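Please read the structure below before turning to the comments.
The values are calculated or read from the model by the stated rules, or taken from the named source; none is laboratory data. No experiment lies behind these values; they were computed from the predicted model shown. Methodologically, a virtual Cβ is constructed for each residue, glycine included, from the backbone with ideal geometry; neighbour enumeration extends over all protein chains shown. Accessible surface is based on the protein model in full, side chains and every heavy atom, while ligands, DNA and RNA are left aside. Shrake-Rupley method; radii C 1.70, N 1.55, O 1.52, S 1.80 Å.
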Amino acid sequence: NKTHGEYDEDNHTMDYTIKVEATHGVVKDLVIDDQIWENHYTLRDTIVVTDLEGNILDPQPVVSDHPSHNSGANEGFRISGFPDFSAGEGFLITYKTKIYDELLVNETVDMWNGLDSNGKNSNGENIYVWSEDWIKVELEKMEKNGKQSVLQDGNGNDVPVIEWEIEIKKNNSNLQGTVVIDTLGEGLQYYTGKDILIKHYDENGKALTDT
């Protein structure tokens with residue numbers, strides 16, 4: 001079967017795990033075809049195959065394109081060259097996929113991932129298993145946080161305020177022309193004694209000189 005992990009908002013990646021286990025007899029000639037459709041693609045260098053205890057197989061099975069591989073549509077892969085395995089034995093396959101950059105302007109992205117595995121049992125009969133995983137990911141473009149503080153007005157009087165910070169997430173899109181509308185809740189008013197400060201950071205979080 002196939003399961004997904006937590007979505008990585010910073011790198012726009014999803015972790016996946018495939019588990020294959022023999023229930024009886026011996027399984028031979030296992031081939032796994034993994035289908036990744038349209039909105040995300042496999043990061044091939046993250047594919048790792050272990051036994052069920054987490055021990056890395058050496059040598060690793062062979063990873064190649066899915067038979068119907070089509071860039072931008074089916075970005076899946078095929079794994080073959082597994083050793084034979086008996087009841088109670090099996091493999092774990094872990095890897096990551098990444099959402100296409102051009103889709104990061106959307107509010108949500110559907111991530112669909114299908115799997116079919118083929119092999120033969122001890123009698124030479126074909127074994128076929130299908131599994132799929134689907135999740136809708138919300139792309140968080142902005143984050144707002146506030147903290148209580150005390151400022152002094154022009155007369156040296158303490159003024160209790162809430163300092164707000166709005167962060168526009170990196171790597172989402174070209175933000176040229178974006179309009180940010182900030183709405184104050186009931187009982188709040190804008191404090192005119194402090195300017196709005198806009199900071200511009202590069203992809204590594206370093207403040208740029210045009211801030």
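Asp15: of a type in the set (D, E, K, R) and open to solvent by 20 Å² or more (accessible area, probe 1.4 Å), yes or no? So Asp15 passes the test. When the residues of the range 137-164 are filtered to those that are open to solvent by 100 Å² or more (accessible area, probe 1.4 Å) and closer than 30 Å to Glu9 by Cβ, the one that is farthest from the chain's Cα centre (by Cα) is Gln148. Scanning the range 113-136 for residues that are assigned to a loop (DSSP other than H, G, I, E, B) and either open to solvent by less than 90 Å² (accessible area, probe 1.4 Å) or among the hydrophobic types (A, V, I, L, M, F, W, C) (or both) returns Asn121, Ser122, Gly124. Within the group Leu115, Leu104, which residue is of a type outside the set (S, T, N, Q) and within 22 Å of Val31 (Cα to Cα)? The unique qualifying residue is Leu115. Of the residues that make up the range 173-182, is at least one at pLDDT 80 or above and either open to solvent by 80 Å² or more (accessible area, probe 1.4 Å) or among the charged types (D, E, K, R) (or both)? Scanning the range 173-182, I find no residue that is at pLDDT 80 or above and either open to solvent by 80 Å² or more (accessible area, probe 1.4 Å) or among the charged types (D, E, K, R) (or both), so the answer is no. Taken over the range 102-138, residues that are without any contact (Cβ under 8 Å) to a residue 40 or more places away in the chain and in contact with a His (Cβ under 8 Å, 6 or more places away or on another chain) amount to 0. Suppose the filter is in contact with a helix residue (DSSP H, G or I) (Cβ under 7 Å, 6 or more places away or on another chain) and either open to solvent by 20 Å² or more (accessible area, probe 1.4 Å) or closer than 30 Å to Ile168 by Cα (or both); does Asn55 pass it? Spelling it out, it is not the case that Asn55 is in contact with a helix residue (DSSP H, G or I) (Cβ under 7 Å, 6 or more places away or on another chain) and either open to solvent by 20 Å² or more (accessible area, probe 1.4 Å) or closer than 30 Å to Ile168 by Cα (or both).
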